Amino acid sequence: MSVVGLDVGNDTLVAAAARQRGIDVLLNAESKRESPAAVAFSHSARLLGAHASGAASSHAPFSSPKRLLLLASRPAPRDLPRLPFPVDVARSGAGGGARVHVDHLGRRIALSPTHILAMLLAYLRQLAEDDLGAPVADCVISVPCYLTQAQRRAYVDAAAVAGLRPLRLMHDLAATALGYGLYRSDLGVAGGPTFVAFVDVGHSDTQAGVVAFDASGMKVLSHGFDADLGGRDFDEVLFEHFAEEFRDRYKIDVVGNVKASMRLRAACEKAKKVLSANAEAVVNIECLMEEKDVRGMIRREDFEKLCAELLERVVEPCRRAMADSGIGLDKLQSVELVGSGSRVPAIARVLAGFFRREPSRTINVSECVARGCALQCAMLSPTFRVREYEVQDVIPASIGFCTNEGPISALTSNALFRRGQPLPSVKIITLHRTSGFTLDAFYVDENELPPGTSTQIGSFEIGPFQAHSEKSKVKVKIRLNLHGLISVESAVLIDDDQRDANSADSMELDSNDNMDHKSRNEPPMHRQDLQIVESIYGVMSKQELLEAQEQEQQLAYQDKLVERTKERKNALESYVYDTRNKLSERYRSFATDSEREEISVNLQQTEDWLYEEGDDETEAVYTSKLEELKKLVDPIEYRCKDEEARAEATRELLKCIVDHRMAAKSLSAPERDAIDNECTKVELWLRESSQLQESLPKNVDPVVWSHEIKKKEEELDMSCSKIVTSRARGHDNDDGC
């Protein structure tokens with residue numbers, strides 16, 4: 001079983017696999033290491049990755065999976081105007097009710113962000129299986145640190161729909177740090193940990209973190225982020241600049257035209273890359289709108305002035321990460337800059353001013369996250385042996401609990417899992433309750449979340465039950481797992497009249513992950529496991545998950561059917577062209593004039609049919625057409641191929657005759673004469689058959705086929721072997737007498 005790391009970015013997808021020799025980034029069907037994070041639909045086909053991106057001119061692809069997930073928790077989504085496809089946003093239902101609608105196979109389909117994410121994960125799974133030649137299930141998937149519980153569960157649900165089993169949802173920077181630190185032997189050797197800051201400027205977000213390394217592992221100290229600042233925002237600055245310039249100069253409104261906006265945004269992204277290495281860039285687009293060609297130019301210094309506000313925001317996640325880490329800038333050994341949006345020179349310059357040192361670029365900015373995820377997957381999988389290396393992440397946002405009766409007295413500010421504490425973590429709270437109750441989970445501080453994100457997580461209904469005593473208490477075990485997902489694992493009602501009558505709630509850390517531990521001197525207690533009903537806001541129900549899995553299976557089956565149909569159509573088209581060429585060259589002397597004319601007519605009719613009414617047919621129809629052509633061409637092909645095979649078979653038969661006559665020289669006269677007689681009969685048959693064959697034209701079936709000559713060779717071998725065997729048996733009988 002293979003293990004892989006999957007980096008689902010907002011713009012690109014990267015998959016890496018752990019192999020015995022190390023970590024390899026996997027190639028897609030176009031032999032590229034990155035694939036577009038896009039899904040497109042036509043009336044009969046679903047397109048993924050590069051195929052979806054290439055279809056942008058006729059079918060706008062669904063892209064930006066991270067932003068679609070964020071739409072679920074934003075009351076006023078700022079991403080909607082930028083998306084080249086309509087999105088319906090509601091405040092209820094799975095994924096917050098965000099939906100995109102497509103026409104596929106004659107029906108209207110509503111897709112949630114979770115299902116679109118599942119399609120991209122399924123694409124990566126198939127990519128990995130094609131590259132590795134083995135089934136793929138175990139994986140580690142990268143996620144931004146700022147995702148809410150509902151969004152993290154969306155990743156887990158999407159993986160289930162895609163047929164994957166995630167061993168961990170790993171924060172982007174933790175994955176980057178793992179790939180950075182595992183192979184370095186110089187970290188933490190000077191008597192203390194080595195501190196490194198990582199800054200990831202991605203396509204749609206910016207994340208920063210501080211990590212402590214030593215010889216035994218790594219520990220993330222802090223996270224900082226801006227969920228709305230990435231490379232695409234710098235593209236948008238150029239887009240707005242040129243849209244205004246073209247409106248004034250060419251009198252066209254690019255913003256109001258979806259197709260023109262897509263083309264201009266693509267040109268602006270290229271211009272940004274040009275400005276990374278040059279002082280100026282030119283945007284030149286033919287027939288952008290209203291049959292007008294447009295041209296514009298911008299200098300790097302002007303671009304940086306337009307981006308001044310964005311550049312100021314780049315520092316804020318770094319400032320927050322440094323403050324939460326508790327260390328000074330002078331303690332940092334280096335600052336590593338990664339992410340697809342980090343190539344803008346002004347970003348590196350601004351970060352250098354904040355950290356008082358030049359950022360390093362020793363990591364592959366596009367592949368580091370996927371590589372780190374693959375390493376973590378190998379560590380967690382029992383099929384790989386990796387050296388002991390501890391990977392400790394931290395909780396990015398404080399999570400609190402309260403009951404339907406009010407706050408829990410044992411929790412300061414209602415926080416159970418505090419920001420900056422190790423992840424995963426298990427806590428036990430003891431509540432004095434005599435009947436069923438509800439635990440509500442929430443984020444303690446909205447400032448620790450992306451702006452506009454709801455702080456509500458969900459509720460856990462404990463019970464119903466009826467305690468036997470007012471001194472009864474309920475011990476509740478709450479886990480924050482490797483995915484960063486909260487769950488109430490167990491709730492136990494304990495009735496004990498002998499215990500302390502203190503009715504205050506309490507909390508403890510369950511370091512042994514065992515709530516049933518009892519001291520020998522403790523008197524027996526009455527324990528009752530309580531029912532737990534979980535309700536997380538904005539996630540798929542079990543029924544919705546099953547429906548999504550069924551829908552994905554149907555779409556995957558249709559994808560394979562479309563692919564097989566395309567292969568059959570291509571095979572038919574290739575057969576038409578190849579046969580036409582062979583008929584005028586290689587097959588010419590093996591076909592009669594009437595055969596050539598009949599085949600040529602059928603080839604032309606098939607070609608015309610392919611480009612007219614046969615352009616969109618079923619797999620069975622293409623297969624039937626191909627078989628009809630082969631029935632006409634196969635006899636000619638057999639004649640041609642058999643002529644070459646017949647010459648080879650003749651040489652082999654003549655060699656066989658010579659070999660048997662040479663071997664017979666060591667035998668007695670009767671046996672030698674018998675073998676020579678057999679060889680002579682075969683030789684005579686071959687001579688007569690060859691003379692008759694040479695008298696016939698090539699465009700008729702041969703009088704003797706190559707397989708008949710091979711059969712004669714086998715018969716000669718058997719006859720000669722029988723003669724030699726009879727002689728040996730006769731000698732044995734003479735010896736016995």
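The values are calculated or read from the model by the stated rules, or taken from the named source; none is laboratory data. Keep in mind that this is a model prediction, so the values were computed, not measured. All Cβ positions, even for glycine, are placed from backbone atoms using ideal geometry, and neighbour counts span all protein chains on display.
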Of a type outside the set (Asp, Glu) and closer than 21 Å to Met218 by Cα: which single residue out of Phe354, Phe384 fits that description? Phe384
Pick from the range 585-622, criterion in contact with a Cys (Cβ under 9 Å, 6 or more places away or on another chain) and of a type in the set (Ser, Thr, Tyr), ranking: farthest from Glu567 (Cα to Cα): Ser589
Go through Asn521, Asn514, Asn481, Asn502 for me and flag whichever is within 41 Å of the chain's Cα centre (by Cα) and modelled with pLDDT under 70. Asn514
Given the structure, is Val700 in the same structural domain as Lys582 (by TED's automatic domain parsing), within 30 Å of Ser594 (Cα to Cα) and surrounded by 12 or more Cβ atoms within 10 Å (Cβ to Cβ)? no
Which of the residues spanning the range 1-53 are within 23 Å of Val365 (Cβ to Cβ), in a loop (DSSP other than H, G, I, E, B) and of a type in the set (S, T, N, Q)? Asn10, Asn28, Ser31
Residue that is farthest from Thr176 (Cα to Cα) [pool: residues in the range 364-403 that are at pLDDT 90 or above, of a type in the set (Asp, Glu) and over 17 Å from the mean Cα position of the chain (by Cα)]: Glu390
Count - residues of the range 536-561 that are within 20 Å of Ala441 (Cα to Cα) and surrounded by 14 or more Cβ atoms within 10 Å (Cβ to Cβ): 5
Somewhere in the range 153-160, is a residue in contact with a Leu (Cβ under 9 Å, 6 or more places away or on another chain), part of a strand (DSSP E or B) and within 28 Å of Val201 (Cβ to Cβ)? no
The residue that is modelled with the lowest pLDDT, considering only those in the range 1-31 that are in contact with a helix residue (DSSP H, G or I) (Cβ under 7 Å, 6 or more places away or on another chain) and surrounded by fewer than 19 Cβ atoms within 10 Å (Cβ to Cβ), is Glu30
Breaking point among (1) of a type in the set (A, V, I, L, M); (2) surrounded by fewer than 19 Cβ atoms within 10 Å (Cβ to Cβ); (3) within 21 Å of Ala271 (Cα to Cα), for Val189: (3)
Identify the single condition in (1) out of contact with any Pro (no Cβ under 7 Å at 6 or more places or on another chain); (2) surrounded by fewer than 21 Cβ atoms within 10 Å (Cβ to Cβ) that Glu129 does not satisfy, given that it satisfies every other one. (1)
Every residue in the range 196-215 that is of a type outside the set (A, V, I, L, M, F, W, C) and under 18 Å from Arg184 (Cβ atoms), please. Gly209, Asp214
For residues that are assigned to a helix (DSSP H, G or I) and in contact (Cβ under 8 Å) with a residue 24 or more places away in the chain, tally how many sit in the range 592-629. 15
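Just the residues that are surrounded by 19 or more Cβ atoms within 10 Å (Cβ to Cβ) and not polar (S, T, N, Q), please, taken from the range 468-478.
Hits for the range 468-478 are Lys473, Val474, Lys475, Val476, Ile478.
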Return the residues of the range 352-384 that are surrounded by fewer than 24 Cβ atoms within 10 Å (Cβ to Cβ), of a type in the set (Gly, Ala, Ser) and either under 18 Å from Arg125 (Cα atoms) or in contact with a strand residue (DSSP E or B) (Cβ under 6 Å, 6 or more places away or on another chain) (or both); say none if nothing qualifies. Ser360, Ala378, Ser381
Run down Ala348, Ala323 and say which single residue is surrounded by fewer than 17 Cβ atoms within 10 Å (Cβ to Cβ), over 17 Å from His203 (Cβ atoms) and modelled with pLDDT of 90 or more. Ala323
Conditions (1) without any contact (Cβ under 8 Å) to a residue 24 or more places away in the chain; (2) under 54 Å from the mean Cα position of the chain (by Cα); number of the one not met by Arg661: (2)
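When only residues in the range 447-478 that are acidic (Asp, Glu) and modelled with pLDDT of 90 or more count, which is nearest to the chain's Cα centre (by Cα)?
Selected residue: Glu448.
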Which residues, taken from the range 453-477, are in contact with a Ser or Thr (Cβ under 7 Å, 6 or more places away or on another chain), part of a loop (DSSP other than H, G, I, E, B) and closer than 25 Å to Leu70 by Cα? Thr453, Ser454
Hey, can you tell me all the residues within the range 616-669 that are of a type in the set (Phe, Trp, Tyr) and touching a helix residue (DSSP H, G or I) at 6+ places or on another chain (Cβ under 8 Å)? Tyr622
Could you please give the count of residues in the range 655-675 that are surrounded by 15 or more Cβ atoms within 10 Å (Cβ to Cβ) and in a helix (DSSP H, G or I)? 9
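For every residue, the table says whether it meets (1) modelled with pLDDT of 95 or more; (2) closer than 30 Å to Arg299 by Cβ.
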position: Gly202; (1), (2): no, yes
position: Ala208; (1), (2): yes, yes
position: Ser216; (1), (2): no, no
position: Leu221; (1), (2): yes, no
position: Ala227; (1), (2): no, no
position: Arg232; (1), (2): no, yes
position: Asp235; (1), (2): no, yes
position: Arg247; (1), (2): no, yes
position: Lys251; (1), (2): no, yes
Is the range 718-725 home to any residue that is in the same structural domain as Thr565 (by TED's automatic domain parsing), β-branched (Val, Ile, Thr) and closer than 27 Å to Thr592 by Cβ? no
Please pick out the residue among Arg46, Arg74, Arg67 that is modelled with pLDDT under 80 and charged (D, E, K, R). Arg74
